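Quick one: the structure is below, questions incoming.
The values are calculated or read from the model by the stated rules, or taken from the named source; none is laboratory data. This structure is a prediction, so every number in the text was calculated from the model and none was measured. Every residue, glycine among them, receives a Cβ derived from its backbone with ideal geometry; neighbour counts consider all protein chains shown.
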Amino acid sequence: MSDAAFYYQCQRCTNCCRWPGFVKVDDADITAIAAHLGLSEDDFIQRYTRLRPRRDGLALTDKPNGECVFLEGRDCVVQAVKPGQCRGFPNTWNFPGWREVCEAVPMPR
């Protein structure tokens, strides 16, 4: 069966939170995460985002080891309001070889 026949249920393994790359955030993500953290949107942007390489938007910053800034152990500090890019993985987007590191469980649609 193809991947289209499945919905992958996240097991919160946090492997995706440890991959290098850019977690894009849009205006809705910024509003929700800032409110969740009790920050103004400007403070959130200054503390937790960076300009993407093509200067076409913002992304979350990383810790020095490459992990997401909001990963604490195996917990996401912003789980309830995590960015759309995070919510969509691996169902709305993924990359070749993602199954080798992701523990999401395939569920029939």
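Is one or more of the residues making up region 48-57 out of contact with any strand residue (DSSP E or B) (no Cβ under 9 Å at 6 or more places or on another chain), modelled with pLDDT of 95 or more, in a helix (DSSP H, G or I) and not small (Gly, Ala, Ser)?
Among the residues of region 48-57, not one is out of contact with any strand residue (DSSP E or B) (no Cβ under 9 Å at 6 or more places or on another chain), modelled with pLDDT of 95 or more, in a helix (DSSP H, G or I) and not small (Gly, Ala, Ser), which makes the answer no.
Go through region 15-71 and report how many residues are touching a Cys at 6+ places or on another chain (Cβ under 7 Å) and of a type in the set (Val, Ile, Thr).
Total satisfying the criteria: 1.
Yes or no: region 82-96 includes at least one residue that is under 30 Å from residue 5 (Cβ atoms), in a helix (DSSP H, G or I) and more than 11 Å from the chain's Cα centre (by Cα).
No, there is no match, as no residue in region 82-96 is under 30 Å from residue 5 (Cβ atoms), in a helix (DSSP H, G or I) and more than 11 Å from the chain's Cα centre (by Cα).
Right, here's the next one. Restricting to region 73-85, name every residue that is surrounded by 11 or more Cβ atoms within 10 Å (Cβ to Cβ) and either under 18 Å from residue 15 (Cα atoms) or aromatic (Phe, Trp, Tyr) (or both).
75, 76, 77, 78, 79, 82, 83, 84, 85
Can you tell which of 48, 8 is within 22 Å of residue 107 (Cβ to Cβ), of a type in the set (Ser, Thr, Tyr) and either surrounded by 12 or more Cβ atoms within 10 Å (Cβ to Cβ) or out of contact with any helix residue (DSSP H, G or I) (no Cβ under 9 Å at 6 or more places or on another chain) (or both)?
8
If you don't mind, there's one more thing I want to ask. Can you confirm whether residue 28 is part of a strand (DSSP E or B), over 16 Å from residue 90 (Cα atoms) and in contact (Cβ under 8 Å) with a residue 24 or more places away in the chain?
Here the answer is no, as residue 28 does not meet what is asked.
Please identify the pairs in which a residue from region 86-109 that is in contact (Cβ under 8 Å) with a residue 24 or more places away in the chain has its Cβ atom under 7 Å from the Cβ atom of a residue that is part of a helix (DSSP H, G or I) and buried (at least 16 other Cβ atoms within 10 Å of the Cβ), counting only partners at least 6 apart or on another chain.
These pairs meet every condition: 89/16; 90/98; 102/16.
Residue 16 is checked against (1) at pLDDT below 95; (2) under 14 Å from the mean Cα position of the chain (by Cα); (3) not in a helix (DSSP H, G or I) and fails just one. What number does that condition carry?
(3)
Considering only region 60-72, how many residues are surrounded by 11 or more Cβ atoms within 10 Å (Cβ to Cβ) and either in a loop (DSSP other than H, G, I, E, B) or touching a helix residue (DSSP H, G or I) at 6+ places or on another chain (Cβ under 9 Å) (or both)?
9
Cβ-Cβ under 6 Å, sequence separation 6+ or interchain: first residue in region 38-64 and farther than 15 Å from residue 20 by Cα, partner part of a loop (DSSP other than H, G, I, E, B). Which pairs?
48/61; 48/69
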